[in-house]
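The values are calculated or read from the model by the stated rules, or taken from the named source; none is laboratory data. These figures come from a predicted structure and were not determined experimentally. For neighbour counting, all protein chains shown are included, and Cβ atoms are generated from backbone atoms with ideal geometry for every residue, glycine included. Calculation scope for accessible area: heavy atoms of the full protein, side chains included, ligands and nucleic acids excluded. Shrake-Rupley method; radii C 1.70, N 1.55, O 1.52, S 1.80 Å.
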Amino acid sequence: MVKIRIWLVAAIGCLEVQSRRSLDPVHKSPAPAPTLSTLRELRESGHVHRTVKAEIRENLLARLRAGEPRFPGIVGFDDSVLPHLERALIAGHDVVLLGERGQGKTRLIRTVVGLLDEWTPVIAGCEINDHPYEPVCGRCRALGEDEIVVAWKHRSERYGEKLATPDTSVGDLIGDVDPIKIAEGRTLGDPETVHYGLVPRTNRGVFSVNELPDLAERIQVALLNVLEERDIQVRGYNLRLPLDVLLIASANPEDYTNRGRIITPLKDRFGAEVRTHYPKSVDDELVLIRQEAMGDIGADVPDHLVEIIARFTRLVRESSAVDTRSGVSARFSIAAAETAAASAVRRAALAGEDLPVARVCDLPGIVHTLRGKVEFEVSEEGREIEVLAHLLRRATAETFRGTLGGADLAPLLDKFAQGAQIESGELVGATELLRRIGRVEGLAKIMSRIGMGEGDESPGHAAAALEFALEGLYLMRRLSKDDIAGTAVYRT
């Protein structure tokens, strides 16, 4: 049984390391770990022991002086959130990030890990990452200097995270008695029988509690000593472990401000409260979608469609029909772009096209897909699809006015003046749509105005540009459109 447990712990540890490295936004290929392996070699190298907060402070100041990015991958916070967070980290404060869902709080917390030293020395085999100069656990204090073996931890392994849930226990966060160690013959009063929780196992690192108000009050009490006295208590043991940890929590304002959801002494022990927000401009929303959404789906989503999605997201956030207290997550726009790309890939597979390009006809499908991501006011019950479809049309019209509003679309309108009707739809391939429209004078100018360059000369891009022009003319009341079973027929 003991062997099985050891194997499971080792396997879980490997998974945690891989997971943390994948979440580290600054982690690419780490520099090789130092080869120093004894306490004497470490001292002779001139290594200086710093606390986690001093380490982060000095590395942050060095990046500020050098003009280097401090929080890579964070969009739209440069002049609002990041200055407050930087001041808090320089002051050595534990932090609460306060904001609605999907504002990038967890992503921001994880980027703080990049301010740690890339490699740090620990005592090999120590469960709580003791520094070789200052061991704090009983096992490491009992070692002689010649018995200390130095190991090295990458900064991605110095991050711990817990999503607060009602079933979280003190044992999960702080620690508890380990029955396996008792079964191995150790006495109940032996501190070595303690199984450390997540917080002490992140000693000399950064620990995050997501959705802090969801912790039960008696569990919140267990964090008081960690934040003020910087130590932990485990059951009835006379155990004092001075921890070196930066604690960053996230919370939703709706929960954080409700009486009784977070105990007052715990609020008081956090040194800083930093408020986050959604992207304040369309440009920031565009950068965020491009950064997060495209992935490896395999379709090209033209700039004008990304702008429609960005404007759509902002209109949903501002709508009086939507419950503003719950917010509209950034994942809304990311999922919308991914859904449009997936629709283009599906169409290309059915039509036998080589290069999938998303078009306006791929957007209506996101309304049904994303309905569950938005909390509506009670008075709008039953009208969710109608409200979202209306806002999507508004976003498309705004994007059309900003890109093709002053363009010469007379050659396209002339086709309808001659009695043409053009049928499009999410299953109509690009080549087929171009055949139905026919040759259009000035197509290159239309494509250029919506941001298509030299590399966007495929039939898919041409079809995307023309279909956007058709939809815009319909929304500007220059054309009529009949929606029939997933197809759109444009006519005079």
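Of the two radii for segment 39-275, the radius of gyration is 0.98 times the Kirkwood radius, both from the alpha carbons; that is the Rg over Rh value. The convex hull built on the alpha-carbon positions of segment 435-492 has an orientation-averaged projected area of 4.5 nm².
Convex hull volume per residue, computed on the Cα atoms of segment 32-78, equals 124 Å³. Among Glu432, Glu273, Glu58, Glu307, the order of accessible area from largest down is Glu273, Glu58, Glu432, Glu307, computed with a 1.4 Å probe on protein heavy atoms.
Using the C-alpha gyration tensor of the chain, what are the square roots of 5 times its eigenvalues, in whole angstrom, with the largest one first?
Working: eigenvalues 612, 117, 84 Å².
Equivalent-ellipsoid dimensions as semi-axes: 55, 24, 21 Å.
When you filter the trypsin sites (Lys or Arg not before Pro) in segment 394-485 for DSSP loop state and at most 15 other Cβ atoms inside 10 Å of their Cβ, you are left with Arg439, Arg477, Arg478. Under the combined filter of DSSP loop state and at most 16 neighbouring Cβ atoms within 10 Å, segment 114-210 retains these trypsin sites (Lys or Arg not before Pro): Arg186.
Counted over segment 279-375 with a bin width of 5 Å, the fraction of Cα pairs per bin, in whole percents, is 2, 14, 25, 24, 18, 9, 5, 2, 1, 0. With an a/c value of 1.5 or above and a/b not larger than b/c for the gyration tensor axes a ≥ b ≥ c computed over the alpha-carbon atoms, segment 99-177 is described as oblate. A straight line joining the Cα centroids of segment 138-172 and segment 257-334 runs 34 Å.
Our estimate of slack between His277 and Thr51, defined as 0.36 nm per intervening residue step minus the Cα-Cα distance, is 78.3 nm. Near Lys267, which lysines are there with a Cα under 29 Å away, not counting those fewer than 8 places off in the same chain? Once the sequence-local lysines are set aside, what remains near Lys267 is Lys53, Lys105, Lys162, Lys280.
His195 exposes around 70 Å² of accessible area when a 1.4 Å probe is run over every protein chain in place.
Mind running the shape call on segment 282-491? Use the C-alpha gyration tensor, a ≥ b ≥ c as the square roots of the eigenvalues: rounded below 1.5 for a/c, prolate if a/b tops b/c, oblate otherwise.
Numbers: a/c = 1.70, a/b = 1.45, b/c = 1.17.
It comes out prolate by the Cα gyration axes.
Compare Asp362, Asp456 by solvent-accessible area with a 1.4 Å probe and give them largest first, with all protein chains kept in place.
Numbers: Asp362 5, Asp456 40 Å².
The most accessible residue leads, giving Asp456, Asp362.
Keeping all protein chains in the complex and leaving out DNA, RNA and ligands, what accessible area do you get for Ile366 with a 1.4 Å probe, in Å² to the nearest 10? Here the residue's solvent-accessible area equals roughly 0 Å².
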